[in-house]
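I have placed the structure first, in the form of structure tokens, so that the comments after it can refer back to it.
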Amino acid sequence: MSLKEKIENNLPLSILSIVVVTSLAVASGVYMFTKDLLSDQNESLKIAMDSLAKENELIKNSIKDKDEIILKLTSEKQNLKEENLSLNSIINSQKNNISNLDTKNKELKNDYEIIMAKLNILTSIDKEIKKLEKKEEKYRECHYFMTPKPQEILTQCQNDLKYTQEELSKLRQRLPY
């Protein structure tokens, strides 16, 4: 058999081998391309995972910082509440003090008004006493330095003297001292 016959008889086998070799080459190329592509994607995924891990760490730190800030703010809030209670207590105490001072002030005003009323009474009594003392002195003069006059005048002067002395005695009894 000649080479030609051999080739013709084996042609389907040759084509098959060419197809198989071509398929293997294509599959090898696809495998290499896919391997390179997957390798690149794997590298991108590693970078993305590293980036996500860093972001995750930053978020954890941020949450931890926020928790610390929340704790500090809660503590400050509690301190402010306590300070507010203390200030309210002081304010209430001061209000009570002011109320007590107002009461004392009213009492002092009442006492002052009473004292002024008593002083006015004493002043008027004193004026009456002075008037009566002048009358008494006048009547005494009338009694001692009287020239002979009718008995009526003398009796009238004595009566007036007696009345004036009684009035003077009553006024002196009303004096608080």
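In terms of Cα atoms, the Rg and Dmax of segment 47-177 work out to 44.6, 148 Å.
Computed extension length for Gln41-Gln165: 31.2 nm, one decimal, from 0.36 nm per residue of separation with the Cα-Cα distance subtracted.
Between Asp50 and Leu24, the modelled labels are 3.9 nm apart [label points 7 Å from Cα along Cα→Cβ].
Near Thr123, once Lys and Arg are set to +1 and Asp and Glu to -1 for all other residues with Cβ below 14 Å from its Cβ, the sum equals +3. Extending 7 Å from Cα along the Cβ direction at Ser89 and again at Glu76 yields two label points whose distance is 2.4 nm.
Since every read-out is calculated from the coordinates, none of them should be taken as a lab result. Keep in mind it's a predicted model, so treat the numbers as computed, not measured. So basically every Cβ, Gly included, is an ideal-geometry build from the backbone, and we count neighbours across all protein chains shown.
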